Structures are given as structure tokens and as C-alpha cells.
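Data block below; observations after.
The values are calculated or read from the model by the stated rules, or taken from the named source; none is laboratory data. Here the structure is a predicted model, which is why all the values come from computation and not from measurement. With ideal geometry, Cβ positions are generated from the backbone for all residues, glycine too; neighbour counts draw on all protein chains shown. Remember, those area values only see protein heavy atoms, side chains included, never the ligands or the DNA or RNA. Shrake-Rupley method; radii C 1.70, N 1.55, O 1.52, S 1.80 Å.
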Amino acid sequence: MTVIALDDTDSRERGMCSTYLATRLAETLRDAGYDVERRLLVRLDPAVEHKTRGNAAVALHTACPSATAFDHACEAVERWSEFEDDRTSPGVVVAPDDPDAVSAAVARFARDAVREHHSLGRALSLAADHGYHHRGWDGGRGRIGALAAVGAWVGLDEWTYEHISYRAFDRCGTPREVDVDSVFAAADWGYPTVWDTVDRVEGEAVCVPNAPGPILYGIRGDDPARCRAVAARIESEPVDRRATFVTNQGTDAHLHDDGFDALRDGRASRVSGVVTTPPETRRGGHVFFGLGPSDVPNTGTETPRTAVDCVAFEPTKHFRDRVRSLRPGDRLTVCGEVSAGTLKLEKFAVRSLVRTERVTPTCPDCGRSMESAGRGQGYRCRDCETRSGMATRRLDRDLERGWYEVPPCARRHVAKPLVRGGFDAPTHPER
Ligand code: ZN
């Protein structure tokens, strides 16, 4: 077996994509008589998504001998890559190994590449150590992602599927003709095995990309046959070719389990704490609140310190209403990437809610509001000389214990939808 891996062949403006190149290359290999057993689509460190759209590397597991595979892969990159885009820096890595037999070092490189940035130098020295064929164009930074795609089959342990339907290449750049009603009906039929096909609240066919490029629609889910069956129910312009990828999309593979001390820019974390400031809607409709360590002693007089600001951006739509319902003192686990010191929320779990709030007592004799009798002295009525301790009022809360998430229209590729299950508390999935 041979692993052929490619990355950074995409273009932001022209919308070429790595999966299309991999699909064409797989067809070339099959035409030459070589079986292609598996196609992998690996979403890498989401913090470097700016580099290519979605930052995805691809790998083919094929029976083609490695030297021949390398020649075919280089030809495919030269034919299909977007060399006119300055930011495109394609790379090919070919490993003459069974995908299950890659070394622990390459598997580790893959695991880390999903969570953090690697240097090109590190990728090239690892590739050289293992005798892998590699080639880069325009700097060849894509060899970082390509090497990660070589190691991913061993390095990552959770997989989902995406069945992609492509347009005829000469239609790229024209509006896609997809019957939205048929997409919604197919999505209902396939749910919950197939997810993030549509956003029912926003009325959006999420599976149909907005950017130019050859993808007509991509159907994601936990079962490849079910993804293909959903695709078959969608009415659209002619589908030129189809391919099913095994992928780390929807797995939360990017998240580190962190304490507040570990949070830093460019890192995606899962961290637990207590809400320290009331949610505030700022310009643009983005909703912010503070989160701090919950293990500090709560004396009742001090608010815990804010360790990080969390934000639900405007495109997360009604998820912001969940965030606006939070109150200082609520205990949460939040997930998201830190950028410019702010954690961009992908989901959060309510661990406990503040159920009461302190109120100033009213005088039992005259009914007027009482006044503080001094620090720790309770309250008194100045006129009647009556005294009282602290009074509390029960709060009605719109939230329940458990996980809340952004809607499908705002989901990042690698973020795990709640409908997939396996969470440590009840879930409130968006569909
Ligand atoms: Zn009174």
C-alpha cells in the first residue's frame, strides 16, 4: 500500500479545492489499474484556517507503487492547483507504507497538526527520516498538512464521513442549481445519522457551499451509505462526479482540555469556570461575558476574577440568546479557540445555575425598603427600628443543565455537533 497526501492546493478567490484534486487523482489511478481503498479528508489546526479555505489536507490509500503514485500526484498538482493565487503553496508527500503502519512520530505529528501549528522544517526532516517522497511548489508549505494526512489514519481515533457531489468543471463560478426543498426533505430523512446538512431555523442549505469551486454539495454524517442515500435524494443540476471521504470533521479533535493558565491565542480549548460578568451585547451584535476559575473560595462579597472573555459572534444567531441568559455565578464548561485574548464560543455546558438573587428586604411594619445596618449587620428600617437579615428571590432561568451549541450555519468543520452524542451531560442539539 501507498499513502499519497496533498495539501494547500486551494485558492481563496478561484475556489479550487483539495478534495476535487484528490478525486481526479483517484480516477487517474483507477484508470491506470490501481485500486484506491480510501480517501481521507483531514481538517488541520483551525487557527490557521486563513491559509487555505477550511485548511484541509487529503490522502489517498492506494495499491499503486509509491514511485508511480508520486509521479501521478505531481502531475495532478501541476494540472489542478491554483498557482495564480499567491497564498497557495502546494505540497505532496508519498509514503511507501501501509497507512496502518506509519511510525509513532508521524502519527504524533498528525495528532498535533490538528491542534497546533507545525513548521515546514519539522515536516521535511520527518519526511526525510522516513524516506518519503515529497515535493513542494511556491514554498511547498502544503507538505506540513500532507505529512499530517499521511499520519492521520493512525494518529486520529475518531472518524466521520462526507459524501461530496461535484459540478461539471465548466459550470464553476455560475450559481448552483440545487432544489432547496429536496435538500430539506433529504436532511429530515437522514437525520440524525446525517447532520449539518441544513439549518432549519435559518432556513439555510448548509451543505451547499457559497464560495466558487467545483463542490455542488457535501453530505456529512456517521455512516457513509446514509450520506450517499441523502445525496441521492437531492434534486439539482447534473452531478459530474462523486466521492466519499473519511474525515475528522465533527469530532472536536482540535480541542485541548485546559485550565485557564493554558489558554493562549491560536489554541482551541475546553475549560471549566464560573461566569464573572453579565453578558453584554456590543457593536455588531456580538455577545461577550467574562469567565474565571470556579475553584476560588466564594466569600459572598467578592466576584471571582475574569480569566478570559468569551464571545458569541453575530453569525451564531440564536445561540446568542442562550449566552445572553447566563448570569454571574453560573458554572460552565466552554469550548472554542482563543483569538486576541477572547474565546470564540463553539459550545458550552451549563454545570450549575444561580437560582436565587439577593434583594433588599422590605419592612414588615411599614412596607418600605430597608437599609443596610452596616457591614455584616443585616438590614433595618430607620422609621420602625425593625431589623432583618438578607432576603433572597428565586430566579426564573431560561437555561437547563447540559450542552448548548452554535447552529449548523455557524459550525466549524472540526467542531462536534451535539447530535453525535458521547457528551458528559444532557444535550440541547441545534438542527
Ligand atoms: Zn418600617
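Return the residue satisfying two criteria in turn: it lies in segment 228-246 and is open to solvent by 60 Å² or more (accessible area, probe 1.4 Å) and not charged (D, E, K, R), and of such residues it is nearest to VAL194 (Cα to Cα). Walk me through it before giving the result.
Our first condition is that a residue be open to solvent by 60 Å² or more (accessible area, probe 1.4 Å); within segment 228-246, this holds for 228, 232-233, 235, 238, 240, 242.
Add one more test, that the residue is not charged (D, E, K, R), and what stays is 232, 238.
Working: ALA232: 13, PRO238: 22 Å.
Result: ALA232.
How about segment 99-120: which of its residues are open to solvent by less than 50 Å² (accessible area, probe 1.4 Å) and over 26 Å from the mean Cα position of the chain (by Cα)? Show your work before the answer.
Going residue by residue through segment 99-120, those that are open to solvent by less than 50 Å² (accessible area, probe 1.4 Å) are 99, 102-103, 105-107, 109-110, 112-114, 118, 120.
If the condition is that a residue be open to solvent by less than 50 Å² (accessible area, probe 1.4 Å) and over 26 Å from the mean Cα position of the chain (by Cα), then VAL102, SER103 are the ones that fit.
Just give me the residues in segment 375-388 being among the hydrophobic types (A, V, I, L, M, F, W, C) and surrounded by 15 or more Cβ atoms within 10 Å (Cβ to Cβ), in sequence order.
Going through segment 375-388, the residues among the hydrophobic types (A, V, I, L, M, F, W, C) turn out to be 381, 384.
Of everything in segment 375-388, just one residue is among the hydrophobic types (A, V, I, L, M, F, W, C) and surrounded by 15 or more Cβ atoms within 10 Å (Cβ to Cβ), namely CYS381.
For segment 77-108, give me the residue count where each residue is at pLDDT below 95, in a helix (DSSP H, G or I) and under 18 Å from ILE144 (Cα atoms).
2
Could you please find all residues in segment 96-110 being touching a His at 6+ places or on another chain (Cβ under 9 Å) and among the aliphatic types (A, V, I, L, M)? If you could, list the steps in order and put the result at the bottom.
Let us first name the residues in segment 96-110 that are touching a His at 6+ places or on another chain (Cβ under 9 Å), namely 96-99, 102-103, 105-106, 109.
Selection gives VAL102, ALA105, VAL106.
Which of the numbered conditions does PRO293 fail, given that it passes all the others? Conditions: (1) buried (at least 18 other Cβ atoms within 10 Å of the Cβ); (2) away from the ligand (no atom under 16 Å from the Cβ).
Checking PRO293 against (1) buried (at least 18 other Cβ atoms within 10 Å of the Cβ); (2) away from the ligand (no atom under 16 Å from the Cβ), the one that fails is (1).
Within segment 190-227, restricting attention to residues that are of a type in the set (S, T, N, Q) and under 21 Å from GLU158 (Cβ atoms), which residue is surrounded by the most Cβ atoms within 10 Å (Cβ to Cβ)?
Step one: filter segment 190-227 for residues of a type in the set (S, T, N, Q), giving 193, 197, 210.
Now narrow it down to the ones that are under 21 Å from GLU158 (Cβ atoms): 193, 197.
Details: THR193: 17, THR197: 29.
The residue in question is THR197.
Does ASP424 satisfy the condition of being surrounded by fewer than 19 Cβ atoms within 10 Å (Cβ to Cβ), out of contact with any strand residue (DSSP E or B) (no Cβ under 7 Å at 6 or more places or on another chain), within 23 Å of GLY259 (Cβ to Cβ) and outside the structural domain of LEU44 (by TED's automatic domain parsing)? So that I can check it myself, show each step before the final result.
Details: surrounded by fewer than 19 Cβ atoms within 10 Å (Cβ to Cβ): yes; out of contact with any strand residue (DSSP E or B) (no Cβ under 7 Å at 6 or more places or on another chain): yes; within 23 Å of GLY259 (Cβ to Cβ): yes; outside the structural domain of LEU44 (by TED's automatic domain parsing): yes.
Against the criterion (surrounded by fewer than 19 Cβ atoms within 10 Å (Cβ to Cβ), out of contact with any strand residue (DSSP E or B) (no Cβ under 7 Å at 6 or more places or on another chain), within 23 Å of GLY259 (Cβ to Cβ) and outside the structural domain of LEU44 (by TED's automatic domain parsing)), ASP424 qualifies.
Among the residues of segment 405-419 satisfying the criterion of being touching a helix residue (DSSP H, G or I) at 6+ places or on another chain (Cβ under 7 Å) and open to solvent by 10 Å² or more (accessible area, probe 1.4 Å), which is farthest from THR316 (Cα to Cα)? Write out each step before concluding.
Here is the first cut: in segment 405-419, the residues touching a helix residue (DSSP H, G or I) at 6+ places or on another chain (Cβ under 7 Å) are 405-407, 410, 412, 414.
Filter once more, so that each one left must be open to solvent by 10 Å² or more (accessible area, probe 1.4 Å): 410, 412.
Numbers: ALA410: 5, ARG412: 11 Å.
The qualifying residue farthest from THR316 (Cα to Cα) is ARG412.
Given (1) surrounded by 11 or more Cβ atoms within 10 Å (Cβ to Cβ); (2) over 48 Å from the mean Cα position of the chain (by Cα), identify the lone condition not met by ALA391.
Answer for ALA391: the failing condition is (2).
Determine the pairs where a residue that is within 19 Å of GLY218 (Cα to Cα), located within segment 145-163, has a partner that is assigned to a helix (DSSP H, G or I) with Cβ atoms under 6 Å apart, the partner being 6 or more residues away or on another chain.
Pairs found: TYR161/PRO224; TYR161/CYS227; HIS163/CYS227; HIS163/ARG228; HIS163/ALA231.
Here is a list of conditions, (1) at pLDDT 95 or above; (2) open to solvent by 40 Å² or more (accessible area, probe 1.4 Å), and ASP261 meets all of them except one; can you say which number that is?
Single failed check for ASP261: (1).
A quick yes/no check of all residues on (1) modelled with pLDDT of 95 or more; (2) under 25 Å from GLU37 (Cβ atoms):
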residue: GLY142; (1), (2): no, yes
residue: TRP153; (1), (2): yes, yes
residue: HIS163; (1), (2): yes, yes
residue: ARG200; (1), (2): yes, no
